[in-house]
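Down below is the structure, laid out as structure tokens.
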Amino acid sequence: MNSRIAIIKSKLDLLKSLDKDFSIFGSKEHRYISKKVDISEIERFENKYDCLLPTARTSSIGFYDWYEHWLDSCLYPGVIVNDPGMPSSSPQNVQALNYHGKKLTMIPEHVFGCTNLTELNLTYNNLTNVTPKILKLQKIEKLNLNHNKLGLIPFIISGLKNLKVLELAANEIEYWGKSISLFNKIEYLIRKQNATLGFENLEFLNISSNKLKQIPNEIRRFKKLKRLWISYNCIESVSEYICELKELEDLSIWSNKLKKLPKSIGNIEGLKKLDLYNNQLKEIPETIGNLKNLKELILYSNKLEAVPASIGNLKSLEILNLSSNKIKKLPDEIGHLNNLKVLDLSGNNISELPNSMSSMKSLKELYINKNLYYSMDIRKKFPNVTVIPTER
């Protein structure tokens, strides 16, 4: 028991040193002086501050447990531990921290003592950079930096060898990396910390709503990436090296300024979803037909005038959205899409549909409104399909 009291005392001393204004949970009144409190006082406290204290009447844990739990909630706000019913006895037991909307300009120092941390949420703050001390958190798997003020992708994070999810949406990132010299400096810092360089296990990267103008060659570093969300930027080009992301399944580049796709896009054989909505694409490369596992292809609101015949090779495709383009004619090969369930052709200049489409047995929804095409027997061609007809 003496060791338990020693742990609590050390935490109490730490809390006193951090809370010099006595602002935590009414501490201005009790100033960390222990005293016996009856149940009525606890209830008044809970009503005044709209909270529920983990007392013996609300929990099966004892006095020392709930008091230490209270200290931890003050020292590590937003802590999530394996078992919510038990308190964490040290920073090493902390697995997740949530600092959403705390107006932080830097990551709190005590975070770096939580060496078993796997999740860190820093959304809606005022962070402009990430300190190399982040490399102390080598077990971290999810890092959310959405809605901050980062001007560059913090490459120091590439030293977190277990990182799987990285969210950087809604920042002020304009360049993938400002210069080679900057990256070399970061590489030196990472190696100095004996960490591994290069996003080796990253599976999800969200860098939407920034100011990026290209997907550069450095994308090849993200070998295990499965989802890449880079929408709402100013992307004008995509590196040919994107084909090296062999495990990529979900690529979202919608609402950018893309005019052309690299031919190498057809080499991402594991791709299941490709969302290119609201760009400036005038054509799609024939290599698109190599994406044998693609289930969803979104090309809504571009400047397409034609669709490549190779689209008929997408045997796994279930959703195809070609609406709001300038397409005049569809290739006969579109009828080979035997697994297609939803086809949206609305808002084009299509005057007739290929006869081959009548063999699309899986088709459930067909949108052809706002085209030049109109035929009274269209429902006879597609008796089991919900058809949104052309406006007359």
query: Measuring from label point to label point, each 7 Å out along Cα→Cβ, what is the Lys282 to Lys260 span in nm?
result: 1.0 nm
query: Roughly speaking, what is the centre-to-centre gap between region 108-171 and region 322-349 when only Cα atoms are used, to the nearest Å?
result: 43 Å
- prompt: Quick one: Karplus J couplings for region 139-151, per residue in order, coefficients 6.51, -1.76, 1.60, θ = phi - 60°, nearest Hz, x for Gly and Pro?
  reply: 9, 5, 10, 10, 10, 10, 10, 4, 6, 10, 10, 5, x
message: Using each residue's phi in region 244-254, evaluate 6.51 cos²θ - 1.76 cosθ + 1.60 at θ = phi - 60° and report the 3J(HN,Hα) Karplus result to the nearest Hz, with x for Gly and Pro.
response: 7, 8, 5, 9, 5, 10, 9, 10, 10, 10, 6
task: Sort the following peptides by mean Cβ neighbour count (other Cβ atoms within 10 Å, averaged over residues), highest first: 232-242, 356-366.
output: 232-242, 356-366
task: Pop a pseudo-label 7 angstrom from the Cα along the beta-carbon direction at both Lys315 and Ser358 and give the gap in nm to one decimal.
output: 2.5 nm
- prompt: Using r as the Cβ-Cβ distance of Cys234 and Lys328, and R0 as 22 Å, what FRET efficiency do you calculate, to the nearest 0.05?
  reply: 0.15
Within region 201-226: backbone nitrogen closer than 12 Å to the Tyr241 label point (7 Å, Cα to C-beta): 215-223
- request: Please work out how much length the chain gains when fully extended from Arg220 to Thr386, using 0.36 nm per residue of separation minus the C-alpha to C-alpha distance, in nm with one decimal.
  value: 55.5 nm
task: Would you please give the FRET efficiency between Ser351 and Lys149, computed as 1/(1 + (r/R0)^6) with r the Cβ-Cβ distance and R0 = 45 Å, to the nearest 0.05?
output: 0.30
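Read-outs throughout are calculated quantities, based only on the coordinates presented, and are distinct from any laboratory measurement. In this text the structure is predicted, and so the values were computed from the model without any measurement. Cβ: placed from backbone, ideal geometry, glycine included. Neighbour counts: every protein chain shown.
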